[in-house]
1. Given the structure, is Ile94 surrounded by 11 or more Cβ atoms within 10 Å (Cβ to Cβ), within 23 Å of the chain's Cα centre (by Cα), of a type in the set (A, V, I, L, M, F, W, C) and within 24 Å of Gly153 (Cβ to Cβ)?
2. Can you tell me which condition Thr27 does not meet? The list is (1) in contact (Cβ under 8 Å) with a residue 60 or more places away in the chain; (2) in contact with a Phe, Trp or Tyr (Cβ under 6 Å, 6 or more places away or on another chain), and all the others hold.
3. Regarding Pro206, is this residue in the same structural domain as Met152 (by TED's automatic domain parsing), more than 20 Å from the chain's Cα centre (by Cα), of a type outside the set (Val, Ile, Thr) and exposed (fewer than 13 other Cβ atoms within 10 Å of the Cβ)?
4. Search segment 120-139 for residues being charged (D, E, K, R) and under 15 Å from Val215 (Cβ atoms), and hand back the single one that is nearest to the chain's Cα centre (by Cα).
5. For residues in segment 122-179 being of a type in the set (Ser, Thr, Tyr) and part of a loop (DSSP other than H, G, I, E, B), which is surrounded by the fewest Cβ atoms within 10 Å (Cβ to Cβ)?
6. For the subset of segment 55-107 comprising residues that are of a type in the set (S, T, N, Q) and assigned to a loop (DSSP other than H, G, I, E, B), which member is farthest from Arg256 (Cα to Cα)?
7. Working only within segment 132-147, note down all residues that are in contact with a Phe, Trp or Tyr (Cβ under 8 Å, 6 or more places away or on another chain) and either more than 22 Å from Leu88 (Cα to Cα) or of a type in the set (S, T, N, Q) (or both).
8. Filter segment 100-118 down to the residues that are touching a Leu at 6+ places or on another chain (Cβ under 9 Å) and not polar (S, T, N, Q) and list them by number.
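The values are calculated or read from the model by the stated rules, or taken from the named source; none is laboratory data. Just so we're clear, the structure is a prediction, and the values are computed from it rather than from any experiment. Reconstructed Cβ throughout: ideal geometry from the backbone, glycine too, with neighbour counts over all protein chains shown.
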Amino acid sequence: MKVTSGSTPQAADYVDELYRRIIKAGTHKASSLKVAEAAKVIENTQRDLNIALVNDLAILFNKLGIDTLEVLEAAGTKWNFLPFRPGLVGGHCIGVDPYYLTHKAQQIGHHPQVILAGRRTNDSMGFYVADQVVKLMLRKGMNPVRARVLVMGLSFKENCSDLRNSRVVDIIETLVDYNVKVDVFDPWVDVEQAKQEYGLNPVAKPEAGAYDAIVVAVAHDQFRLLGADGIRAFGKPGSVIYDVKHVLPRDAIDARL
């Protein structure tokens, strides 16, 4: 469904007719531009908050020793349970629109605490993942200083080359702060764009048997096709595998979000 509006009745009719021809799901003609824009912003804010909730739960369940995906699948047997998954929230819509809304709210004296709390949670998840990887390495007796870690995926979502507001960068930067040597591998992204946007130089192909830890950060189809054996082949014997996006079976990894 596309929500449309125009600055004049004639413009609104033209835009509505154009979208009706293109969008098979149909359109909804809002009464004003303000209503249309507000509808778009709250769509993404609602999704952001739902993901923030499951991210918060994922952190809790990790502390309780419960597998988050197993809990979500069990809860999903109830007909009205919303099937959101934990993860990194980037891109040019979901991770951005809530800030537009909260900025406007604060201009008129309203402080949207719930929306900002969700943003804080989602913006912290890259740092959380990196810290979990380092802790897993330490538990296996590895010194993270100068260790080699492979981060698989850089775009903000699967099967997409878009790097805008990718929160995978937070994982990489946090690992680098631990003095970890990080290689990034993403067959979807343009190397020059990665250099320009983030100062990163993705590898064309990971080195076999070279890494102390592997982070599967984006659920590209190419990574799914590699499977657990193909991904683990990039690591040294006993390497850590952390799965952000539930790409691999639970028994094939050390931990997942």
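1. Details: surrounded by 11 or more Cβ atoms within 10 Å (Cβ to Cβ): yes; within 23 Å of the chain's Cα centre (by Cα): yes; of a type in the set (A, V, I, L, M, F, W, C): yes; within 24 Å of Gly153 (Cβ to Cβ): yes.
When the stated conditions are applied, Ile94 passes them.
2. The number of the failed condition is (1).
3. On the way: in the same structural domain as Met152 (by TED's automatic domain parsing): yes; more than 20 Å from the chain's Cα centre (by Cα): yes; of a type outside the set (Val, Ile, Thr): yes; exposed (fewer than 13 other Cβ atoms within 10 Å of the Cβ): no.
Judged against the criteria, Pro206 is not a match.
4. Just the residues of segment 120-139 that are charged (D, E, K, R), to begin with: 120, 123, 131, 135, 139.
Subsequent filtering for residues that are under 15 Å from Val215 (Cβ atoms) retains 131, 135.
Numbers: Asp131: 16, Lys135: 21 Å.
Of everything passing the filter in segment 120-139, Asp131 is nearest to the chain's Cα centre (by Cα).
5. Filtering segment 122-179 for residues that are of a type in the set (Ser, Thr, Tyr) and part of a loop (DSSP other than H, G, I, E, B), the one surrounded by the fewest Cβ atoms within 10 Å (Cβ to Cβ) comes out as Ser161.
6. If we filter segment 55-107 for residues that are of a type in the set (S, T, N, Q), which is where we start, we get 55, 62, 68, 77, 80, 102, 106-107.
Okay, now just the ones that are also assigned to a loop (DSSP other than H, G, I, E, B), so 77, 80.
Values: Thr77: 22, Asn80: 26 Å.
Only one residue fits best here, namely Asn80.
7. The first filter runs over segment 132-147 and keeps only residues in contact with a Phe, Trp or Tyr (Cβ under 8 Å, 6 or more places away or on another chain), leaving 132-134, 136, 144-145.
Result: Gln132, Pro144, Val145.
8. Pro112, Val114, Ile115, Ala117, Gly118 - these are the residues of segment 100-118 that are touching a Leu at 6+ places or on another chain (Cβ under 9 Å) and not polar (S, T, N, Q).
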